[in-house]
Amino acid sequence: MHWTHVVVERDQNPLLEVRGLTVSFKGPNGSTKEVVTDLDLTVGQGQRVALVGESGSGKTLTALSILSLVPDARLSGQVLWRGESLLDAPESRQRAIRGREIAMVFQEPMSALNPLLTVGRQIGEVLENHEGLSRPQAHERAVELLERVGIDDPQRRALAYPHQLSGGQRQRALIAMALACRPALLIADEPTTALDMTLRQQVLDLLLALQEETGMGILLITHDLPMVRRFAQHVGVMRDGRLVEWGSVETVFTKPQEVYTKTLLEAQPKKMVGPPGPRQVMVEVRRLSCQFAIGGSLLKTRLHSAVNRESFIATRGETLGIVGESGSGKTTLGLALLRLSSAMVGGEVHFDGVDLLALSAAQMRARRASLQAVFQDPFSALSPRLTVGQILEEGLRLHRSGMSSSQRLARAIESLAEVGLPEEAINRYPHEFSGGQRQRIAIARAIIFEPSLLLLDEPTSALDLSVQQQILSLLVQLQQTKGLTYIFISHDLSVIRAVAHRTLVMRQGSIVEFGATDDVLGQPRQPYTQQLLDAAFPEERLAAAAAPTPELSRAARLLL
């Protein structure tokens, strides 16, 4: 493949200037593999620059290499920080710059934060090391920083451990830590990927407000193109370790030059299903409740209600989307339907006329083949010790005990073909596949039994947009050919709009809105649903607000 070197215009007074950066690793046989090649990049004072591309394109490696944080990597080229060469600087100088002048926010806060130290202590360590504050002074400043990034009750949260905070609070704590020494440049590596839409918007708003206040530059690493369009001023597109396009956000998004950039922009989820059909009920839920016991001792134990006696239906051959913020009860509800939840569950779940909650464990086990699930992280859901063939055949041994070994193998190969994977994948292990391929394996494991109902819990949230589009297309195709019923849990409203026939909106364990997807997401009745839509589709919502009020729909006139 022929590559054209993309020239990045030099800023007059750049904070960060990367010229011809090449990152390579030495292989076991002595060979050298380049993972980032001849890359140029510049970030000026007060600028917001985004680096986008699919997984494996080299975005994160580029960001880590700026601070020499990639073990065993060979770095060449130039990384200039206010004119000073970082690659040639001694380790002591690099340590002084990290955290104080250039700070970084990582993708997964649970991995980036020390589970054994309180959040306040971890922020305080940065201040003690770089600014020489005493421990009491550092703690006081940590509380101020937590308050500045919008964490409620910062005095109490500073004494909390990472696992005691929500995902959004942990991400804000990481931002507080990064901003502790008022850096001139903030590198944010996928800072909102694991957050729901409203939290994502809150984090972006926070970064914008902090930048306006401090004048720092921001380098954003992400594969979320809608977020880039709302946030960044300049954008670079990476593919296979090379910068293939660079320019202002407006130019790159409206007049992309590279076919790859056009492919990324066209990978946004598009409507894949029609309006819901006649209601042939498959699942009927009545007064479902889920409660968890909270507390260390019997006397202090209290019950937390995650789902509040809710009722709804799922119709045969269609997709029911379940949306809501983190902690709204989406996943707890989905797991309770399949009797996979550790919560105390009450109510009724009728599947083809049989109440699943009233069945014995043995009776439920006999029905498991008809009720399958695909989870968010296939790498965690697939055993690393088993080959793909062993993973697929494991369930057949239990639920199809009459099948011979050759029949099981044939069914496993057929299942792989149905999800678009070759026969030779049967003898490989999960770690040998990409994220999208692993999710296809997880789907193959679920459909191998020819189930009636499939629970999909955030099956595409960790995937790039182009891979996400492939998985969604696969799911719609399987539904149409096999007549599957999906319960699709997601915080991504664009995905739900693309694949769900009907949508259910949850908030704090309660269903606040339920109906046809076009109605719920097109003409929401509840303020909470409107807030979710404002965060997910800000441009669309602003355009709709500015447009003349349309004539009432036929359905609305009938209601009146």
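Pairing residues of region 401-427 that are closer than 15 Å to Arg445 by Cβ with residues that are part of a helix (DSSP H, G or I) and of a type in the set (Asp, Glu), at Cβ distances under 6 Å and at least 6 apart in sequence or on separate chains, gives Arg408/Glu393; Ala412/Glu393; Ile413/Glu423.
Restricted to region 477-538, the set of strands (runs of 3 or more DSSP E) holding at least 2 residues that are under 21 Å from the mean Cα position of the chain (by Cα) comprises 485-489, 502-507.
Table: residues versus (1) touching a Pro at 6+ places or on another chain (Cβ under 6 Å); (2) surrounded by fewer than 22 Cβ atoms within 10 Å (Cβ to Cβ).
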| position | (1), (2) |
| --- | --- |
| Gln468 | no, no |
| Ser473 | no, yes |
| Lys482 | no, yes |
| Ile489 | no, no |
| Ala498 | yes, no |
| Val512 | no, yes |
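Looking across region 110-121, just one residue is more than 25 Å from the chain's Cα centre (by Cα), part of a helix (DSSP H, G or I) and under 14 Å from Leu165 (Cα atoms), and that is Gly120.
Taking region 152-168 as the search range and keeping residues that are free of Cβ contacts under 8 Å to residues at least 24 places away in the same chain and either open to solvent by less than 70 Å² (accessible area, probe 1.4 Å) or not in a helix (DSSP H, G or I) (or both), which one is nearest to Pro136 (Cα to Cα)?
The qualifying residue nearest to Pro136 (Cα to Cα) is Pro154.
Among the residues making up region 36-92, those that are assigned to a strand (DSSP E or B), touching a Leu at 6+ places or on another chain (Cβ under 8 Å) and more than 30 Å from Phe253 (Cβ to Cβ) are Leu75, Ser76. Considering Val349, Val283, Val345, Val249, which residue is under 20 Å from Arg507 (Cα atoms), surrounded by 14 or more Cβ atoms within 10 Å (Cβ to Cβ), β-branched (Val, Ile, Thr) and in contact (Cβ under 8 Å) with a residue 24 or more places away in the chain? Val345 is the lone residue from the list that is under 20 Å from Arg507 (Cα atoms), surrounded by 14 or more Cβ atoms within 10 Å (Cβ to Cβ), β-branched (Val, Ile, Thr) and in contact (Cβ under 8 Å) with a residue 24 or more places away in the chain. Looking only at region 500-510, which residues are surrounded by 23 or more Cβ atoms within 10 Å (Cβ to Cβ) and of a type in the set (Gly, Ala, Ser)? Hit for region 500-510 is Ala500, nothing else. Looking only at residues of region 203-242 that are in contact (Cβ under 8 Å) with a residue 12 or more places away in the chain and among the charged types (D, E, K, R), we find that the one that is surrounded by the fewest Cβ atoms within 10 Å (Cβ to Cβ) is Arg230.
What do you reckon, is Glu414 open to solvent by 10 Å² or more (accessible area, probe 1.4 Å) and either in a helix (DSSP H, G or I) or in contact with an Asp or Glu (Cβ under 8 Å, 6 or more places away or on another chain) (or both)? Show your work before the answer.
Numbers: open to solvent by 10 Å² or more (accessible area, probe 1.4 Å): yes; either in a helix (DSSP H, G or I) or in contact with an Asp or Glu (Cβ under 8 Å, 6 or more places away or on another chain) (or both): yes.
Yes.
Yes or no, residue by residue, for (1) surrounded by 17 or more Cβ atoms within 10 Å (Cβ to Cβ); (2) under 24 Å from Glu213 (Cα atoms):
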position	(1), (2)
Pro28	no, no
Thr37	yes, no
Val43	yes, yes
Gly58	yes, no
Ile66	yes, no
Ser76	no, no
Gln94	no, no
Glu108	no, no
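So which residues in region 186-202 are surrounded by fewer than 24 Cβ atoms within 10 Å (Cβ to Cβ) and closer than 25 Å to Glu140 by Cα? Hit for region 186-202 is Gln202, nothing else. In summary, Leu398 fulfils each of the numbered conditions (1) surrounded by 14 or more Cβ atoms within 10 Å (Cβ to Cβ); (2) part of a helix (DSSP H, G or I); (3) aliphatic (A, V, I, L, M) with the single exception of condition (1). Every condition in (1) part of a strand (DSSP E or B); (2) under 28 Å from Leu204 (Cα atoms); (3) in contact (Cβ under 8 Å) with a residue 40 or more places away in the chain is met by Val23 except one, and the failing one is (2). Picking from residues in region 110-131 that are modelled with pLDDT under 90 and over 20 Å from Gln169 (Cα atoms), the one that is most open to solvent (accessible area, probe 1.4 Å) is Asn129.
Of all residues in region 229-264, those being more than 28 Å from Ala209 (Cβ to Cβ) and out of contact with any strand residue (DSSP E or B) (no Cβ under 8 Å at 6 or more places or on another chain) number 6.
If I filter region 286-303 for residues that are under 30 Å from Ala516 (Cβ atoms), touching an Asp or Glu at 6+ places or on another chain (Cβ under 9 Å) and open to solvent by 60 Å² or more (accessible area, probe 1.4 Å), do I get at least one hit? I'd like the intermediate steps shown before the answer.
Within region 286-303, the first condition is being under 30 Å from Ala516 (Cβ atoms), and the residues that meet it are 286-290.
Now narrow it down to the ones that are touching an Asp or Glu at 6+ places or on another chain (Cβ under 9 Å): 286-289.
From the residues that got through so far, the ones that are open to solvent by 60 Å² or more (accessible area, probe 1.4 Å) too are 286-287.
Yes, there is a match, as at least one residue in region 286-303 is under 30 Å from Ala516 (Cβ atoms), touching an Asp or Glu at 6+ places or on another chain (Cβ under 9 Å) and open to solvent by 60 Å² or more (accessible area, probe 1.4 Å).
When you scan region 137-148, do you find a residue that is under 31 Å from the mean Cα position of the chain (by Cα), in a loop (DSSP other than H, G, I, E, B) and modelled with pLDDT under 90, even just one? No, region 137-148 contains no residue that is under 31 Å from the mean Cα position of the chain (by Cα), in a loop (DSSP other than H, G, I, E, B) and modelled with pLDDT under 90.
Taking region 149-162 as the range and being more than 12 Å from Arg172 (Cα to Cα), at pLDDT below 90 and either among the basic types (Lys, Arg) or more than 28 Å from the chain's Cα centre (by Cα) (or both) as the test, only Arg156 passes. Here Arg339 clears all of (1) open to solvent by 30 Å² or more (accessible area, probe 1.4 Å); (2) in contact with a helix residue (DSSP H, G or I) (Cβ under 8 Å, 6 or more places away or on another chain); (3) touching a residue at least 40 places away in the same chain (Cβ under 8 Å) except the condition numbered (3). For region 362-384, the condition of being over 16 Å from Ala446 (Cβ atoms), outside any helix (DSSP H, G or I) and at pLDDT below 95 holds for at least one residue.
The values are calculated or read from the model by the stated rules, or taken from the named source; none is laboratory data. In this text, all values refer to a predicted model and were calculated from it rather than measured experimentally. FYI the Cβ positions are ideal-geometry reconstructions off the backbone, even for glycines, and counts take in every protein chain you see. Each accessible area value is taken on the protein alone, full model and side chains, heavy atoms only, with ligands, DNA and RNA left out. Shrake-Rupley method; radii C 1.70, N 1.55, O 1.52, S 1.80 Å.
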